[in-house]
Amino acid sequence: MDQTGPVPTDATLRPVGPYAVLVEVGGPREALALVQHLQAHGPRATDLVPAARTVLVDGLDGPGARRSLEDAVAAWTPPRDADMVSSDVPVVTVPVVYDGPDLETVAELWDTDLDGVVGRHAGTPFTSAFCGFAPGFAYLTGLPEHLAVPRLATPRERVPAGSVALAGPWCGVYPTASPGGWQLIGRTDLTLFDPTADPPALLAPGTRVRFEPA
Amino acid sequence: MTGSGGPVDGTWEVQEADGVVLVQDAGRPGHAHLGVPRSGWLDPAAARAALRLVGDPDDAALLEVALGGLALRATDDRWVALTGTARDVRVDGRAAAYGRAVRVPAGAVLSLGPPRAGVRSWLAIGGGVTVPPVLGSRSTDTLSGLGPARLRTGDLLPLGEPAAPGVEEPPYVVGGAARAGGAGHGAPVELRVDPGPRLDRLALEAWARLTTTVWTAAAGDRVGVRLDGPALEHAETSELASEGLVLGAVQVPPDGRPLVFLADHPTTGGYPVAAVVRAADLGGCAQLRPGDPVRFVAGR
């Protein structure tokens, strides 16, 4: 193939040094879909890392692999349906005690009461879009944009493990105790990250997630 | 690959560890999508040279010794080898060779002095360090806490069966480049860079400024090295969504001071990556002390 091969219209490729490429896509669902496409049709890579609007393809082994990636991305069609997550993906149910210190703040932001927060949160089907921040910390997408909440102005020095939290349009569960600036609405006893499990992250990218009052 | 460790053939005792001594191997790449950093030795060339000197395979684990000193009491006969920045190597008080295989007899004490320059050395012990692997690696990840704790005085170090027992002197000689610590002689550590994926979010002159300035190492650890110098200005200040980070990424936070990410880097980040350091040059970053000069050289 020559250098004027098919130009992708839905994804932009940005080189990241000799062995990696950052592919820009429309959003988290497109990123997940592109990861699935590249797992089946892309060149061999060490890591495929989805994020909010990108997929990082790391550990390509040379210019040939880069051209294969360009071709694979050009041959990809982003999912048109907003709800493209296939229904054969299992759902992880996360039991939550809704007693977080920021529950009232979130109720105010959502213009509802405590039960209203619980109802909306437990009534939302979430999907793990990507992991970051800490091993097993999943960015869960599913909340409508108008329920986005700001981060804390001053992050907490210590957020307990199992804390269920919101920031921006995302929901997340802290796998281990750490500093954190997300709004805490509850807690779960589930183990989010276990290096001896397969997969080690309970909420690996693509996993569907439901919260239910414990 | 879980829970239980590798074969334990011997156990050496940590008599004294006043440096930061960590177990490292090639790390755990392939788990970045789960938020797990790659970790692993900071200078693959130097670490692998040490392993080869004692006859260990390239995926064995060894000790990464930062600053300070270390004393180990041997409980059986093994070859050891030290690479990276130079230190005094002694066996029961007698000077031994740096950058070569050294036989340590049972009952002897192997001691390493503090480095004269640079920061880190790699100590391979025949048979390899066989602490239990986590996600396929024995490396200590200082960012997420995966892997074994740093070595403390009194710890017992499990070691595997040496690959080539009975060999008088392994036929390995380490090359000069792998031995040289790099830093500490006044000349800047040179890091070849390629443009990064978000260079276009910085001001037009940022690339020229990045590659012509002599930067000064500020704080540094296994996660990354922060550099002092003229601020690199951002042209685009709208928020950038978090995206995957690579080893060697040169990230520019809002304050304009670049940060070079090393093995324990977070898997995602939200500040623009202006450049990427060639992996082969990152070993030099392992030897930087605060105040050391650093230059970025445009790749090719």
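The values are calculated or read from the model by the stated rules, or taken from the named source; none is laboratory data. Small disclaimer: the values here were computed from a predicted structure and weren't measured. Here the Cβ is made from the backbone with ideal geometry for all residues, glycine too, and neighbour counts use every protein chain on show. These area figures cover heavy atoms from the full protein model, side chains too; ligands, DNA and RNA do not enter into them. Shrake-Rupley method; radii C 1.70, N 1.55, O 1.52, S 1.80 Å.
Couple of notes before you dig in:
- Search result, residues across region A:183-214 that are among the aromatic types (Phe, Trp, Tyr) and open to solvent by 10 Å² or more (accessible area, probe 1.4 Å): A:PHE193
- Set side by side, the residues A:ARG53, A:ARG67 differ, and just one is under 24 Å from A:GLY27 (Cβ atoms) and open to solvent by 30 Å² or more (accessible area, probe 1.4 Å), which is A:ARG53.
- Scan of region B:187-200 for residues that are open to solvent by 30 Å² or more (accessible area, probe 1.4 Å) and either within 26 Å of A:GLU24 (Cβ to Cβ) or free of Cβ contacts under 8 Å to residues at least 40 places away in the same chain (or both), ordered by number: B:ARG192, B:PRO195, B:LEU199, B:ASP200
Results for (1) touching a Pro at 6+ places or on another chain (Cβ under 6 Å); (2) among the aromatic types (Phe, Trp, Tyr); (3) assigned by TED's automatic domain parsing to the domain that holds A:VAL173; (4) without any contact (Cβ under 8 Å) to a residue 24 or more places away in the chain, shown as yes or no for each residue.
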{"position": "A:ASP111", "(1), (2), (3), (4)": "no, no, yes, yes"}
{"position": "A:LEU114", "(1), (2), (3), (4)": "no, no, yes, yes"}
{"position": "A:PRO125", "(1), (2), (3), (4)": "no, no, yes, no"}
{"position": "A:GLY132", "(1), (2), (3), (4)": "no, no, yes, no"}
{"position": "A:PRO135", "(1), (2), (3), (4)": "no, no, yes, no"}
{"position": "A:THR141", "(1), (2), (3), (4)": "yes, no, yes, no"}
{"position": "A:ALA148", "(1), (2), (3), (4)": "yes, no, yes, yes"}
{"position": "A:LEU152", "(1), (2), (3), (4)": "no, no, yes, no"}
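- For region B:21-42, a residue qualifies if it is open to solvent by 10 Å² or more (accessible area, probe 1.4 Å) and at positive phi, and the qualifying residues are B:GLY27, B:GLY30.
Yes/no per residue for (1) modelled with pLDDT of 95 or more; (2) touching a strand residue (DSSP E or B) at 6+ places or on another chain (Cβ under 7 Å); (3) closer than 25 Å to B:ASP200 by Cα:
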position: A:HIS37; (1), (2), (3): yes, no, no
position: A:LEU48; (1), (2), (3): yes, yes, yes
position: A:GLY62; (1), (2), (3): no, no, yes
position: A:SER86; (1), (2), (3): no, no, no
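Yes or no, residue by residue, for (1) open to solvent by 20 Å² or more (accessible area, probe 1.4 Å); (2) within 14 Å of chain A (Cβ to nearest Cβ); (3) modelled with pLDDT of 95 or more:
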{"position": "B:VAL104", "(1), (2), (3)": "no, no, yes"}
{"position": "B:GLY107", "(1), (2), (3)": "yes, no, yes"}
{"position": "B:ARG116", "(1), (2), (3)": "yes, no, no"}
{"position": "B:TRP122", "(1), (2), (3)": "no, no, yes"}
{"position": "B:GLY128", "(1), (2), (3)": "no, no, yes"}
{"position": "B:ASP141", "(1), (2), (3)": "no, yes, yes"}
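Residue by residue, here is whether (1) among the acidic types (Asp, Glu); (2) away from every other protein chain (no Cβ under 14 Å); (3) open to solvent by 30 Å² or more (accessible area, probe 1.4 Å) holds:
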position: A:LEU22; (1), (2), (3): no, no, no
position: A:VAL25; (1), (2), (3): no, no, no
position: A:ALA40; (1), (2), (3): no, yes, yes
position: A:THR46; (1), (2), (3): no, no, yes
position: A:VAL73; (1), (2), (3): no, yes, no
